[in-house]
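The structure appears right after this line, and notes come after that.
The values are calculated or read from the model by the stated rules, or taken from the named source; none is laboratory data. Given the structure is predicted, the values throughout are model-derived calculations rather than measurements. No Cβ is skipped: glycine too gets one built from the backbone with ideal geometry, and neighbour counts run over all protein chains shown. Accessible surface areas use protein heavy atoms only, side chains included; no ligands, DNA or RNA. Shrake-Rupley method; radii C 1.70, N 1.55, O 1.52, S 1.80 Å.
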Amino acid sequence: METGTQFKFFIVDDDFFCANVYKQYLINMNYNDIIHYSNGNDCLDNLHLNPDIIFLDHNMEDISGFEVLKKIKRYNPNIYVVMISGQENIKTAVDALKYGAFDYVIKGNDVYEKLELIISKIIAVKEELKKTYPGFIKRLLSIF
């Protein structure tokens with residue numbers, strides 16, 4: 001996939017293998033600003049780096065993905081968070097969306113195609129927001 005838009009990605013997953021596979025897949029899509037955190041607290045401590053998209057594992061040792069998601073959204077509701085989980089539980093997916101996740105992906109053989117599709121959706125949403133509110137960002141920044 002040829003990308004014209006560059007994003008800063010955080011990958012938050014305590015499974016080092018999965019995180020590296022996601023990172024390699026993003027590199028193959030021509031993205032290069034990718035940081036991996038093996039736990040939620042490290043991610044939260046580095047939100048000042050202003051990621052655009054966070055791929056967040058649901059089930060981690062130190063702090064649950066839901067808790068990390070809630071704190072990310074409190075810090076900056078404009079960060080696109082994609083919850084990734086091995087659980088096919090519909091309640092987990094609904095809760096992730098309820099807490100502000102952009103999407104919920106179940107780990108599996110097709111997760112990489114899903115990530116590509118989600119990134120395309122995020123690009124489309126950002127473009128639509130620019131068209132709908134073209135001067136909003138400038139007006140907002142002029143206040144400060």
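Quick test for you: out of Ala93, Ala101, pick the one residue that is of a type in the set (Gly, Ala, Ser), touching a Phe, Trp or Tyr at 6+ places or on another chain (Cβ under 7 Å) and crowded, with 18+ Cβ neighbours inside 10 Å.
Checking each option against the conditions leaves just Ala93.
A quick yes/no check of all residues on (1) small (Gly, Ala, Ser); (2) closer than 16 Å to Val81 by Cβ; (3) open to solvent by less than 30 Å² (accessible area, probe 1.4 Å); (4) in a strand (DSSP E or B):
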{"site": "Cys18", "(1), (2), (3), (4)": "no, no, yes, no"}
{"site": "Lys23", "(1), (2), (3), (4)": "no, no, no, no"}
{"site": "His36", "(1), (2), (3), (4)": "no, yes, no, yes"}
{"site": "His48", "(1), (2), (3), (4)": "no, no, no, no"}
{"site": "Glu61", "(1), (2), (3), (4)": "no, no, no, no"}
{"site": "Phe66", "(1), (2), (3), (4)": "no, yes, no, no"}
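Give region 104-144 a look and list any residue that's modelled with pLDDT of 75 or more, open to solvent by 60 Å² or more (accessible area, probe 1.4 Å) and of a type in the set (A, V, I, L, M, F, W, C), or say none.
Residues satisfying the conditions are Leu117, Leu129.
Would a scan of region 5-13 turn up a residue that is touching a Ser or Thr at 6+ places or on another chain (Cβ under 7 Å), surrounded by fewer than 17 Cβ atoms within 10 Å (Cβ to Cβ) and under 25 Å from Glu113 (Cα atoms)?
No, region 5-13 contains no residue that is touching a Ser or Thr at 6+ places or on another chain (Cβ under 7 Å), surrounded by fewer than 17 Cβ atoms within 10 Å (Cβ to Cβ) and under 25 Å from Glu113 (Cα atoms).
Would a scan of region 84-101 turn up a residue that is of a type in the set (Phe, Trp, Tyr), in a loop (DSSP other than H, G, I, E, B) and under 12 Å from the mean Cα position of the chain (by Cα)?
No: zero hits.
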